[in-house]
Each structure stands twice: as C-alpha cells, then as structure tokens.
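Heads up: the structure comes next, in structure tokens.
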Amino acid sequence: MSFDLSFAKPPVVVDTTLRDGSHAHRHQYTPEEARAIAQALDAAGIYALEVAHGDGLGGSSLQYGFSRVSELELIRAVREVVQRAKVAALLLPGIGTRKELKEAVEAGVQMVRIATQCTEADISEQHFGMAKEMGLLAVGFLMMSHMRPPEFLAEQALLMESYGADVVYIVDSAGAMLPEDAYLRVRALKEALKRAKVGFHAHNNLGLAIGNTLAALAAGADWVDGTLRGYGAGAGNAATEVLAAVLDKAGLNPGLEVFKLLDAAEYLVGPILHFQPYPDRDSVAIGYAGVYSTFLLHAKRIGKELGVDPLAILLELGRRQAVAGQEDWILRVALELKEKEAGALAD
Ligand SMILES: C[C@H](O)CC(=O)C(=O)O
Ligand SMILES: [Mn+2]
C-alpha cells in the first residue's frame, strides 16, 4: 500500500508531554517543570497541551501510581503561563468522575479528552454530556484501536459523535500498528463521521510513531498528538519536535516553530527525563504483542520485585488481551509465571 500526502492538510497538533509523559515521569512532575514546558509549547504555537495524571483525572492512586503534586496544581501552574494554547485534560470514565472534571475546569481546563477502551464507547455518553454542559471542547479517545477492525471502530466513533464529540481519535495505545493499520482506521472514521474531526495518537513501540502519524495524515487525519522527546508510555509517542520538522518538510506545518520545539526538547525536557523512551527489548515486545503501553513500567517494577522477566509478563498479558484498567492482572500474571517456573524446577 502506498500513501499519498498530497491531499493531507496541516493538522491540529496536541502535545501531551504533561500527561502521556507523566507515565514515563512516574507522575512526578513539579509545577516548575509544568510551567516551563507549557510556556515553551505555547510560544512554539502548539494548539493544545494536555495536563493530568498519566491515567487521566483522578488517576493518582495505589493502582496507577501516586502523583507528586496534584494535577489541579499542575493545571493551575500551566494556565498561569499559557497565552494562546488550550489546556486539555484526559478523563477515563470510572477513574475520573464529574467531581474531578468540574475541579479541572475550575483550575483552567478548556478541553477534555474522554478515553474508553475501543469496544466501550457506549460508556462515555454521560461524560460527553457533562463536557458539553461545561462548555468544553470534547474529544473521544478510542484506546487500543489495533484490537478491532476499521469498520468496528467507525461504529464506536459514530457513537461518540452522537454523544457530542467534536473530535474522535484512533489511539494506538500499544504502538502495535503498521502504517497501513493506521491509514485504514483513520480512513474508516473519516468516511463514517458526519461532523466530528478525526485524530491519531501514536506510540513508538515498533519505531513507527512518526511514520504512522504520516499514514494517518495521508488518510485525512485532522488532529495528531506528540510529546517532547517522545516522552510517554511504552517506547513513548511521536516526538513533537520531530513531527514539527517532518510536517514542515512535507509542506504541512500548521504554524509550529520548529526550532523553538527543538530547543524545548533539548534544554527543558532532555535534562529532566527519568529515561529516554525508545523501542528497547521490553517496549518492542509491547508493540509486537499488542499490550497497553502503560503496563511497561509496572511490568518492569513487578518483574524486578518477583524475579520474573518483564518480557514474559508482557507477552502473557498480550496473549490474554489485557486492556486499560486491568493493571491488577500484571501482578497476577507475574505470580503465575513465578509459580509455573518453581513447579517446573521442582519436577
Ligand atoms: C490512559 C492512556 O495512557 C491513554 C493513552 O494515551 C493511550 O491509550 O495511549
Ligand atoms: Mn498514549
């Protein structure tokens, strides 16, 4: 399959360093870090930046990891410095509720991205209703979209559109898609949706985040995501600064200042990285087996504690088709693998 960018248009670019990057940063962002990153993104012309716990509003918990500083404080810090960009937050129904959304809006959030498993758009009706009632720009996030075919995803996206979504995203949470997968999924949504725009959110577990984003643009994607230095779950996301340079070369720059983004990535985010996400052994396994990227650090920590290879844990989670919200399976799988290994040794 070949992709033709000649019909692609300059996309709306959303940066999620302060939300997807929160996974890699183990939810330890400080208001000073958030302020500096937001100011730089705003000055470079980013349309919107997302700020929240990695697992969305209300994510700070034993299950998902405690934040160092409340996300409301981070949102307020960002709002103090941002002049043009919209401030967005992510909400996973069941983790975040009306209370968290209301507080986030009071702190300055103007746009909410409502994320469901790609088979469960129907649980988001109330949340889109709430978002619209609060006057927010409302965006749907169909997570783990590699797990279902394009026509199925188009039905789910239509549901979100009927609930009031302004944009619906194909989300490659596992970084498991090939360019053709991204293209066909975005195309199906473009053909099905009547009003809502279509977005694409990439992960780099197979080293394809930028390539898949280009394939999504060739299919007509209106919105795309990035994070500075690709700082995000798994092998990270499409790096915003790289995406900006690529869009510029392709004649698709929506007004981003490439060199300001390169400076922000190099001098602001580079020095504070807990680690540079890249497709290493365990994160390639995530893309290969189609596992939720957020599971990477949990699997590494639990694997280390129990002496079980994180790669084996991730592959087994892929076999069981674990999805967002099933973080408790990671420990269960690790314990089962350990027991199995002990049994095999005893035999
Ligand atoms: C809660 C997840 O981190 C949302 C996301 O960015 C993804 O599924 O990818
Ligand atoms: Mn993500």
Choice from Gly207, Gly230, Gly255 showing the highest fluctuation, given a GNM over the chain with Cα pairs closer than 10 Å: Gly255
DSSP bridge orientation in segment 7-272 - percent antiparallel, rounded to nearest 5: 5 percent
Contact order normalised by residue count of segment 7-272, Cα under 8 Å, 6+ apart, percent: 21 percent
Debye, to nearest 20: dipole size of segment 7-272, +1 on Lys, Arg Cβ, -1 on Asp, Glu Cβ: 260 debye
Lysines with Cα under 26 Å of Lys190, excluding same-chain neighbours fewer than 8 positions away: Lys9, Lys86, Lys132, Lys249
Separation in nanometres of the label points that stand 7 Å from Cα toward Cβ, at Tyr278 and Glu32: 2.9 nm
Surface accessible to a 1.4 Å probe, per residue, for the residues of the chain, Å²: 40 Å²
Rounded to 10°, Cα long-axis angle of helix 179-192 versus longest principal axis of the chain: 50 degrees
Most mobile of Ile313, Ile286, Ile272 in a GNM of the chain (Cα contacts under 10 Å): Ile272
Sequence-distant residues sharing a close amide H with Tyr169 (under 5 Å, placed H): Gly140, Phe141, Leu142, Gly199
J(HN,Hα) series, segment 94-100, from Karplus relation 6.51 cos²θ - 1.76 cosθ + 1.60, nearest Hz, glycine and proline x: x, 8, x, 10, 3, 4, 5
Using alpha-carbon coordinates, inclination of helix 240-249 to the longest axis of the chain, degrees: 50 degrees
Carbon and sulfur %, accessible surface of the chain computed with the full protein complex present, 1.4 Å: 53 percent
Accessible surface of Asp248 - all protein chains present, 1.4 Å probe, nearest 10 Å²: 80 Å²
Fraction of antiparallel bridges per DSSP, segment 1-142 only, in percent to nearest 5: 5 percent
Crossing angle, helix 328-346 versus the chain [Cα axis fit, 0-90 degrees, rounded to tens]: 30 degrees
Listed residues Ser293, Ile272, Gly140: farthest to the positive end of the dipole of the chain (Cβ charges): Gly140
Cβ-based charge dipole, the chain, positive-most Cα from Leu252, Gln117, Gly236: Leu252
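The values are calculated or read from the model by the stated rules, or taken from the named source; none is laboratory data. Predicted model, so just to flag it, every value in this text is computed and none were measured. Using ideal geometry, Cβ is built from the backbone for each residue, glycine included, and neighbour counts are taken over all protein chains shown. Side chains are part of the model used for accessible areas, which takes the heavy atoms of the whole protein and leaves out ligands, DNA and RNA. Shrake-Rupley method; radii C 1.70, N 1.55, O 1.52, S 1.80 Å.
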